[in-house]
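Report on one structure; see the data block that follows.
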Amino acid sequence: MPPRESELDADSPWVHPTADVAASAGIGRGTRIWHHAHVREGAVVGDECILGKDVYIDRHVTIGARCKLQNGATVYHGFRLGDGVFLGPRVLLLNDKRPRAINVDGSLKVDADWQLEQGLVHRGASIGAGTIVLGGVCVGEYAMVGAGSVVTKDVPAHGLVYGNPARLRGFVCRCGSTLRLENTLGQAAHMCCPDCGAAIDIPLETFAQCRTPSNR
């Protein structure tokens, strides 16, 4: 039986016996890696992270501190996660926009036969359960992606996106609440959080892309 959280050493990583963590992977202080997770060669996982059951971290992926990856989340080679990122259950971060198993001549593709797409999920961003994020996409700081979305293009900082394909529907605070528009004076949309009271400015060019009728 796994130990209780209170029984774990806060200064040391803990790996469940069924997890597979490569010897060359770097695991930060206080990080917890649960049942059947797989962390591959050269991956780096920061301090105080939680990797749930069946999480897959591909080779050379870098994950920041205090990230939470729920059961079955998959991060493929080419993606990087900043600090405080949340990935819901069964999230997929991909790295190939034109996948094929074989080359034109019928031979099996190897690493040299395809172009790696780099992706980035910035600090504090959250990606909901079952979402697919394509390679080459950047998810901005404190953005929020709704469950079941397919993200095909960059998401701005504080952006709220959802759907297939995901579209910008609003903006969220660092606390996760939906921001309210105060005014659009100058070069920014001045927005306020109804829950914590934070004030956040969104560039007008970004605000104009939102598909919410109240922003038009």
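Taking a probe of 1.4 Å, how large is the accessible area per residue of the chain, in Å²?
Per-residue value: 52 Å².
Taking the dipole about the Cα centre of the chain, with the C-beta of Lys and Arg at +1 and of Asp and Glu at -1, give me whichever of 175, 21, 160 is farthest to the positive side.
160
Could you look at segment 66-216 and say what percent of its accessible area is carbon and sulfur, using a 1.4 Å probe and all protein chains?
Numbers: 3950 of 7970 Å².
Here carbon and sulfur together make up 50 percent of the probe-accessible area.
On a full-extension model of 0.36 nm per residue, what is the gain between residue 100 and residue 11, subtracting their alpha-carbon distance, rounded to one decimal in nm?
On the way: separation 89, 0.36 × 89 = 32.04 nm, distance 4.35 nm.
Result for the pair: 27.7 nm of gain on full extension.
Report the convex hull volume per residue for segment 77-148, counting only C-alpha atoms, in Å³.
Taking the convex hull of the Cα positions in segment 77-148, it is 82 Å³ per residue.
Gain in length, residue 22 to residue 116, computed as 0.36 nm per residue apart minus the alpha-carbon separation, to one decimal in nm?
So the extension gain works out to 31.6 nm.
Evaluate the distance, in nm, between pseudo-label points positioned 7 Å from the Cα of residue 209 and of residue 188 along their respective Cα→Cβ axes.
1.8
The values are calculated or read from the model by the stated rules, or taken from the named source; none is laboratory data. Computed from a prediction, not measured in an experiment: that's the story for all the values here. Here Cβ is always computed from backbone atoms with ideal geometry, including for glycine, and neighbour counts include all displayed protein chains. Side chains included, ligands, DNA and RNA excluded: accessible areas come from the protein's heavy atoms. Shrake-Rupley method; radii C 1.70, N 1.55, O 1.52, S 1.80 Å.
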